[in-house]
Amino acid sequence: MPGQNYFLINALPTLGELGGTPPLKPTQLLEHISDNAAATALVEFLFLGDDLLQRQGGLAGEITELNVCVLTEAQARDEQPLPNYLVGAQQTKDEAGDESATRRIIQEDDLWEAYYHHGSQLARRWSSQFLSAWVGFEVGLRNALAVARSQALGLESDDYLVAPELAGDTQDFDSLLNEWTSAQTPLLGLRVLDNGRWHWLAQNDFWFTFKNDELVAYAVRIMLLNRWDRLSHVERGNSATANKPKSE
């Protein structure tokens, strides 16, 4: 596989820093690696996470334009069911009357728990050290944020944790959380978190190994670059609307 990936990786454009212009769309990267089944499955999982975030934003009325690449637009708009591996396990428990299948305070947490467990299964199936570490990092960060928010509101933090058994054991998010807490706007707070993700990638990206994990790490950067490209367009649009003179 490293031999095949040598050509795939060397044909990919160089990436700039977070906030720069993405040289590829997620769909273009998937097309580029389509002959590599393992890399495709792993990268699709990552892009699915971004699709689910867009779905949440759309259903909450925060965004109107969706740029999904794994989900269909109908799935993202909740007009069609999500893939069974995201919802089937919880539905099966509920239908069986399992007392442990209690509804979460935030129902979407069921979806994200299923998502992260799916990623963990894919990492084992395709022997992806990177994806396993990325899932651990993401779960750890998500739960650290949940604890910080619940403590600030005087709530029980355990009620808001997602898949804690998948979190990495040695992660320290204190400095990142302190910076996030000090952010003056939610957008700046998100930038703090994605800068933390970008920094983590620099330390864990399997660079120059030509393994599938190097492609997967590249895909995370593509995902983050495209996320901020979308956000910058929305921000510019909002600024233009706010500064537009009112008609008399």
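The values are calculated or read from the model by the stated rules, or taken from the named source; none is laboratory data. Keep in mind that this is a model prediction, so the values were computed, not measured. Please note: Cβ atoms are built from the backbone with ideal geometry, for glycine as well, and neighbour counts cover all protein chains shown. What goes into the accessible areas is simple: the full protein's heavy atoms, side chains included, and nothing from ligands, DNA or RNA. Shrake-Rupley method; radii C 1.70, N 1.55, O 1.52, S 1.80 Å.
Quick look at the values:
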read-out: Candidate set: segment 57-91, residues that are among the polar types (S, T, N, Q) and open to solvent by 60 Å² or more (accessible area, probe 1.4 Å); chosen: the one modelled with the lowest pLDDT; value: Q91
read-out: Cross-chain or 6+ apart pairs with Cβ under 7 Å, segment 60-83 first and within 17 Å of F45 (Cα to Cα), then open to solvent by 40 Å² or more (accessible area, probe 1.4 Å) and part of a loop (DSSP other than H, G, I, E, B); value: T72/Q80
read-out: Enumeration of residues in segment 4-14 that are touching a residue at least 60 places away in the same chain (Cβ under 8 Å) and surrounded by fewer than 16 Cβ atoms within 10 Å (Cβ to Cβ); value: Y6
read-out: Lone unmet requirement of (1) within 18 Å of A217 (Cβ to Cβ); (2) open to solvent by 70 Å² or more (accessible area, probe 1.4 Å); (3) free of Cβ contacts under 8 Å to residues at least 40 places away in the same chain for V135; value: (2)
read-out: Positions within segment 92-130 being among the hydrophobic types (A, V, I, L, M, F, W, C), more than 17 Å from the chain's Cα centre (by Cα) and modelled with pLDDT of 85 or more, in sequence order; value: W126
read-out: Selection from segment 1-52 of residues that are of a type in the set (V, I, T) and within 21 Å of A76 (Cα to Cα); value: T27, T40, V43
read-out: Given (1) under 21 Å from the mean Cα position of the chain (by Cα); (2) modelled with pLDDT under 90, number of the condition N243 does not satisfy; value: (1)
read-out: Condition check for N212: in contact (Cβ under 8 Å) with a residue 12 or more places away in the chain, in contact with an Asp or Glu (Cβ under 9 Å, 6 or more places away or on another chain) and polar (S, T, N, Q); value: no
read-out: Residue that is nearest to L18 (Cα to Cα), among those in segment 167-189 that are assigned to a helix (DSSP H, G or I) and in contact (Cβ under 8 Å) with a residue 12 or more places away in the chain; value: L187
read-out: Failed item in (1) open to solvent by less than 30 Å² (accessible area, probe 1.4 Å); (2) under 30 Å from A11 (Cβ atoms); (3) in contact (Cβ under 8 Å) with a residue 24 or more places away in the chain, with L201 passing the rest; value: (3)
read-out: Top-ranked residue of segment 17-31 - restricted to ones that are in contact (Cβ under 8 Å) with a residue 24 or more places away in the chain and within 19 Å of L71 (Cα to Cα), ranked as nearest to the chain's Cα centre (by Cα); value: P26
read-out: Among (1) open to solvent by less than 30 Å² (accessible area, probe 1.4 Å); (2) more than 15 Å from L193 (Cβ to Cβ); (3) within 17 Å of the chain's Cα centre (by Cα), the one test that A144 misses; value: (2)
read-out: Qualifying residues in segment 160-182 (those that are open to solvent by 30 Å² or more (accessible area, probe 1.4 Å) and of a type in the set (A, V, I, L, M, F, W, C)) - the one farthest from H117 (Cα to Cα); value: W180
